[in-house]
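To keep things clear, I will list the structure first and then write my remarks on it.
The values are calculated or read from the model by the stated rules, or taken from the named source; none is laboratory data. If you're wondering where the values come from, they're calculated on a predicted model, not measured in any experiment. Glycine gets a Cβ as well: all are built from the backbone with ideal geometry, and neighbour counts include every protein chain shown. The area values use the complete protein model at the heavy-atom level, side chains included, leaving out ligands, DNA and RNA. Shrake-Rupley method; radii C 1.70, N 1.55, O 1.52, S 1.80 Å.
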Amino acid sequence: CAFAPPFRDYIKQAYAEVATLMEAAGLEARLQFGEILWWFFPNASGMAFYDAYTTAAFQSAHGRPLHLFLAPNDDPSVNGHVDADFLRQTVRDHVAAIRTHVLASHPNAKFEILWPIDVNDPDTRQLNRYINLPTEWTSKPTSGFDTFMIEGFQYAGLDRNIDKVRAMAAYPFEVLSWPRTDCRYLMGHFNTGWPWQRDYLAARRARAPLVKLWAYDHLCLFSRVLPLPRQKRSHR
């Protein structure tokens with residue numbers, strides 16, 4: 001997504017209208033920031049930072065073109081982090097503007113960040129990690145969010161790496177500074193070979209307080225066995 005004003009204005013209106021519908025139904029307005037706040041993948045030209053609005057804003061602020069980042073693992077420290085900091089602030093300000101707009105008419109609305117660690121892996125995608133997680137979002141008091149939900153479908157669904165699942169589920173409260181009680185783990189199960197039971201148990205062993213399954217239609221489509229599995233315990 002580009003973070004230009006026309007798109008932002010549309011999302012402001014959409015979020016406010018969703019909050020209105022939820023409250024009219026007697027529900028608490030709870031809104032999630034997910035895909036609309038991420039910059040991820042490159043194409044043959046490089047990363048997707050170079051729409052007219054973003055490049056013009058950087059040129060105006062710094063008197064030169066934005067550095068050409070080509071891949072998610074490029075070094076964010078180029079030019080003393082000036083370019084990466086600008087992009088990170090763009091993400092932060094985009095979300096803050098939407099949240100402020102909603103709160104003006106729905107002061108009791110709650111907000112969640114959905115953050116995917118697999119495409120922001122600090123070891124393999126350092127540029128993504130730097131840009132897509134502003135410092136303010138690493139702890140609840142400065143984030144503007146009420147809950148932090150983490151996901152990483154690649155780790156279980158493609159890599160079949162349950163160790164990474166366990167580390168991921170605990171990332172917000174073990175690596176970042178979020179209180180455990182306000183953290184959630186979004187677990188996928190959208191192909192037949194997904195080790196979804198081990199995925200779920202790994203998150204529970206990590207003491208993630210709430211595990212959400214994405215999505216209900218997959219639960220039905222693949223006839224997943226319910227109730228959810230429980231950790232086996234042995235006593236001597």
Collect the residues in segment 53-71 that are open to solvent by 70 Å² or more (accessible area, probe 1.4 Å) and under 25 Å from the mean Cα position of the chain (by Cα), keeping them in residue-number order.
Tyr53, Leu68, Leu70
Regarding Leu87, is this residue buried (at least 19 other Cβ atoms within 10 Å of the Cβ) and either free of Cβ contacts under 8 Å to residues at least 24 places away in the same chain or within 19 Å of the chain's Cα centre (by Cα) (or both)?
yes
Segment 1-20, residues that are surrounded by fewer than 15 Cβ atoms within 10 Å (Cβ to Cβ) and aromatic (Phe, Trp, Tyr):
Tyr10
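If you scan segment 181-208, which residues turn out to be in a loop (DSSP other than H, G, I, E, B) and surrounded by 14 or more Cβ atoms within 10 Å (Cβ to Cβ)? Step through it out loud before you land on a result.
Going through segment 181-208, the residues in a loop (DSSP other than H, G, I, E, B) turn out to be 189-195, 206-208.
Matches in segment 181-208: His189, Phe190, Trp194, Pro195, Ala206, Ala208.
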Among all residue pairs at least 6 apart or on different chains, which show Cβ distances below 7 Å where the first residue, located in segment 144-171, is without any contact (Cβ under 8 Å) to a residue 24 or more places away in the chain and the second is of a type in the set (Phe, Trp, Tyr)?
Asn161/Tyr155; Lys164/Tyr155
Would you pick out the residues in segment 31-51 that are open to solvent by 80 Å² or more (accessible area, probe 1.4 Å) and either without any contact (Cβ under 8 Å) to a residue 12 or more places away in the chain or β-branched (Val, Ile, Thr) (or both)?
Asn43, Ala44, Ser45
Could you check segment 205-236 and list, in sequence order, the residues that are of a type in the set (Lys, Arg) and out of contact with any Phe, Trp or Tyr (no Cβ under 9 Å at 6 or more places or on another chain)?
Arg205, Arg230, Lys232, Arg233, Arg236
Ile131 passes all but one of (1) among the aliphatic types (A, V, I, L, M); (2) open to solvent by 70 Å² or more (accessible area, probe 1.4 Å); (3) within 14 Å of the chain's Cα centre (by Cα); which number fails?
(2)
Checking Glu28, Glu23 in turn, the sole residue that is out of contact with any helix residue (DSSP H, G or I) (no Cβ under 9 Å at 6 or more places or on another chain) and either surrounded by fewer than 14 Cβ atoms within 10 Å (Cβ to Cβ) or modelled with pLDDT of 95 or more (or both) turns out to be Glu23
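Within segment 90-106, work out how many residues are among the aliphatic types (A, V, I, L, M) and either open to solvent by 40 Å² or more (accessible area, probe 1.4 Å) or on the phi > 0 side of the Ramachandran plot (or both).
Going through segment 90-106, the residues among the aliphatic types (A, V, I, L, M) turn out to be 91, 95-98, 102-104.
With the extra rule that they be either open to solvent by 40 Å² or more (accessible area, probe 1.4 Å) or on the phi > 0 side of the Ramachandran plot (or both), the set shrinks to 103-104.
Number satisfying all stated conditions: 2.
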